[in-house]
Amino acid sequence: MFSSIGNPRQAAAQLMNFGLILSTAFMMWKGLSIITDSPSPIVVVLSGSMEPAFQRGDLLLLWNRNIQAETSVGEVVVYNVKDKDIPIVHRIVRKFGTGPNAKLLTKGDNNLSDDTELYAKGQDFLVRKDIIGSVVGFIPYVGYITIMLSEHPWLKTVMLGIMGLMVVLQRE
Amino acid sequence: MYSSLVRLQNTFGFFTTVIFVVAALIASTDFITPRAPVVSTLKTNSVQVVRGRPHYYSSKKEEYAVIKFSLEADLSSLFTWNTKQVFVYVTAEWPHTPSAIAAGNVTENQAVIWDQIITAPSSDHLANLGPAAMKKLRKSAAGKSIDPSRGKLIIKNQKPKYQITHPSSKIAETDNVVLKLHYNVQPWVGLLTWNQETDFFKWKKLKNGLSKKFALPAIKTKKTEGQKGSSK
């Protein structure tokens, strides 16, 4: 099984193969990012504030271009708040004005009150540039793996180890 | 070549491929199912503007529009086997800036005054309800996995869930306000869809989704100011 280690040519080819897998994944992610114009075209739902529509672990596909119409009321958007790392997925419930400076207010379907409390201090509304995408597609459960990985960091090491081992052991 | 590791890998690869193909097929059935949502009534019952505070500890006074409305709509065609929930919402839309008023740009300001989550029987267990309401909901569709009758809405003289204002705090005496019904279909897997302005293959646009234009009156002073004892 470990015969490849004795053969430098084969070892190099396997290393290349591993690099190829990683770079392909990276290229696909960045390519999707360019197509959707969103820094993070796929997000995993982390909270239950949009239940029953979205549960923890569901995967959302985002779209961040305004080809036909402006982002407006009723759209489910992912936004970032200043000084907070975690993007939030909520629905726009109010929009005042038009254009890039329109004032937007969001609310989670499952929450009683709107998001004013979640915004930065002194911020009452979002503007278009706070939004990193509108939800257009939905795939259930698939993202749960990333929640597990971030909640149990040792899983990450185990998974990387298995993946590395598989590539090294694979003979073509 | 045929080590158990390779077999495991192939099995897992095939499994994920099958799952994604099946999911894509299910998602695509949305497009072959006709939709013909119709609104038969959408009208205001009473409209008033009151003065109030955004929250208890605020000293800021704002004007709030309280719009009671009636709604009758048939959205039953939106409920299919891939429907997880339908989110129905009514917005009030009005122009505010002089240029928007001149151009008749009603959509300049939009605010949701009422919304409702209609779960499909298959997602009832996820609804955020108390035990009694949950029991009633589940009983209403016992034995059914799809219940299009939930799309038939008859709502009379409904109080708004949200009292709306404008960032300028002024909303009284606004002309050309309309109510608009919207919906958002949330699938079990696939694309989220909203009410359309035009027909899209088998999906018809939402009919009569707009109310007649109405005007918001001047501030009603008697009741609200009297209660707080701080008339201006």
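Tabulated results
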{"quantity": "Long-range amide H partners of B:Trp203 with built H, under 5 Å", "calculated": "B:Arg35"}
{"quantity": "Whole-number D in µm² s⁻¹ for the protein assembly as shown, Kirkwood Cα-pair radius fed into Stokes-Einstein, 37 °C, 0.692 mPa s", "calculated": "136 µm²/s"}
{"quantity": "Number of partner chain Cβ atoms within 10 Å, mean per residue of B:110-123", "calculated": "3"}
{"quantity": "Distance between modelled label sites at A:Ile147 and B:Thr198, nm, 7 Å Cα→Cβ extension", "calculated": "4.0 nm"}
{"quantity": "Peptides B:2-9, B:192-199, B:36-43, A:50-57 ordered by average Cβ neighbours within 10 Å, highest first", "calculated": "A:50-57, B:36-43, B:192-199, B:2-9"}
{"quantity": "Accessible area of the protein assembly as shown divided out per residue, in Å², using a probe of 1.4 angstrom", "calculated": "57 Å²"}
{"quantity": "Size of the B/A contact, given as accessible area buried on both chains, probe 1.4 Å, in Å²", "calculated": "2800 Å²"}
{"quantity": "Percentage relative contact order, chain A, counting C-alpha pairs under 8 Å, at least six apart", "calculated": "24 percent"}
{"quantity": "Aspartates and glutamates with Cα under 15 Å of B:Lys61, excluding same-chain neighbours fewer than 8 positions away", "calculated": "B:Glu225"}
{"quantity": "Length added when fully stretched, B:Ala23-B:Lys135, from 0.36 nm per residue minus Cα-Cα", "calculated": "37.3 nm"}
{"quantity": "Listing of region B:158-180 residues, each with accessible area lower by at least 40 Å² in the full protein assembly than in the chain alone (probe 1.4 Å)", "calculated": "B:Tyr162, B:Pro167"}
{"quantity": "For residues of A:91-100, the mean tally of beta carbons on other chains within 10 Å", "calculated": "6"}
{"quantity": "Under 26 Å between alpha carbons - lysine pairs in region B:143-196 that sit 8 or more apart or on different chains", "calculated": "9"}
{"quantity": "Reachable aspartates and glutamates, given that their alpha-carbon falls under 12 Å from the alpha-carbon of A:Lys103 and they are not under 8 places away in the same chain", "calculated": "A:Asp124, A:Asp130, B:Glu108"}
{"quantity": "Relative counts (whole %) of C-alpha pair distances in region B:35-221, using bins that are 10 Å wide", "calculated": "9, 32, 31, 21, 8, 0"}
{"quantity": "Backbone N under 11 Å from the B:Ala103 label point (7 Å along Cα→Cβ), restricted to region A:125-158", "calculated": "none"}
{"quantity": "Per-residue mean of C-beta atoms belonging to partner chains within 10 Å, peptide A:131-140", "calculated": "4"}
{"quantity": "Rounded tilt (10° steps) of B:131-140 against the dominant C-alpha axis of chain B", "calculated": "60 degrees"}
{"quantity": "Cross-link reach list, aspartates and glutamates versus B:Lys139, counting only Cα pairs under 16 Å and skipping chain neighbours closer than eight places", "calculated": "B:Asp124, B:Asp147"}
{"quantity": "Karplus-derived HN-Hα couplings along region A:36-52 (A = 6.51, B = -1.76, C = 1.60, θ = phi - 60°), whole Hz, x at Gly and Pro", "calculated": "8, 6, 10, x, 9, x, 10, 10, 9, 6, 10, 10, x, 6, 10, 4, x"}
{"quantity": "Using a Förster distance of 45 Å, the FRET efficiency for B:Ser3-A:Lys103 (Cβ separation, nearest 0.05)", "calculated": "0.15"}
{"quantity": "Spin-label pair B:Thr16/B:Ser58, simplified geometry with 7 Å Cα→Cβ offset, distance in nm", "calculated": "4.8 nm"}
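The values are calculated or read from the model by the stated rules, or taken from the named source; none is laboratory data. This is a predicted model, so every value here is computed, not measured. All Cβ positions, glycine included, derive from the backbone under ideal geometry; neighbour counts span all protein chains shown. Heavy atoms of the whole protein, side chains included, go into the accessibility calculation; ligands, DNA and RNA do not. Shrake-Rupley method; radii C 1.70, N 1.55, O 1.52, S 1.80 Å.
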